[in-house]
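Have a look at the structure below before the remarks.
The values are calculated or read from the model by the stated rules, or taken from the named source; none is laboratory data. Treat the numbers as computed from the prediction; the structure is a model and nothing was measured. Note: ideal-geometry Cβ built from the backbone for every residue, glycine included; neighbour counts use all protein chains shown.
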Amino acid sequence: MRPGVPPLAGSPPYGIGGDRSTTSSPLANPKTTSLATTGGSAFFMSREIQAGARIGARCKISSHSFICEGVTIEDEVFIGHGVMFTNDKHPKAATADGRPQQASDWTLQRTHVGKGASIGSNATILCGVTIGAGASVGAGSVVTKDVAPGATVAGVPARTMSAAGSEAAVDRAFISEVS
């Protein structure tokens, strides 16, 4: 728990739930301490899903993830903890003439995640890509290009480890080696 932030009623002592201000989506259910559900999908409370994002049925969106406007996630997708999506290829705080950037000053780049895909914790998905149905993205990866359906990618930048989605490739992508 953060100092000075009261827990939600009934929150467990280890901090699942957090404070309601960490989520801007109507999907969050403030009466639920750790999990909100809608359309058969599960959403942990400490995450942000912006207006204009689309989430399919039976998805799991883990805590501390950010899903921005322009992202479409199909049915049965797993999003690990701390996954970040972007929607602007050239983010700026101000325009060339020094005024604060407005919505009209940038172009929304859309991202699509296909049915049954899995994205590991702390992955970053750059805007304008498609992650194919059944694809797996390894934890900590930075996805800069499209991922083929059923493929497993990992690394910075993410590279294809398996086109067939073999179990061994998924294990290598999602389990860190300890040296």
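Regarding the stretch 135-143, can at least one residue be identified that is among the hydrophobic types (A, V, I, L, M, F, W, C), farther than 16 Å from Ile49 by Cβ and surrounded by fewer than 20 Cβ atoms within 10 Å (Cβ to Cβ)? Checking the stretch 135-143: at least one residue is among the hydrophobic types (A, V, I, L, M, F, W, C), farther than 16 Å from Ile49 by Cβ and surrounded by fewer than 20 Cβ atoms within 10 Å (Cβ to Cβ).
When Ala164 is tested against (1) among the hydrophobic types (A, V, I, L, M, F, W, C); (2) in a loop (DSSP other than H, G, I, E, B); (3) modelled with pLDDT of 95 or more, only condition (3) is not met. Checked against (1) part of a strand (DSSP E or B); (2) at pLDDT 95 or above, Thr37 passes all but condition (2). Residues in the stretch 86-93: is at least one surrounded by 17 or more Cβ atoms within 10 Å (Cβ to Cβ) and in a strand (DSSP E or B)? Scanning the stretch 86-93, I find no residue that is surrounded by 17 or more Cβ atoms within 10 Å (Cβ to Cβ) and in a strand (DSSP E or B), so the answer is no. Quick check on my filter: what residues within the stretch 68-85 are in contact with a strand residue (DSSP E or B) (Cβ under 7 Å, 6 or more places away or on another chain) and closer than 12 Å to His112 by Cα? Hits for the stretch 68-85 are Cys68, Gly70, Val71, Thr72, Ile73, Glu74, Val77, Phe85. Scanning the stretch 65-83 for residues that are out of contact with any His (no Cβ under 9 Å at 6 or more places or on another chain) and either outside any loop (DSSP other than H, G, I, E, B) or not hydrophobic (A, V, I, L, M, F, W, C) (or both) yields a total of 9.
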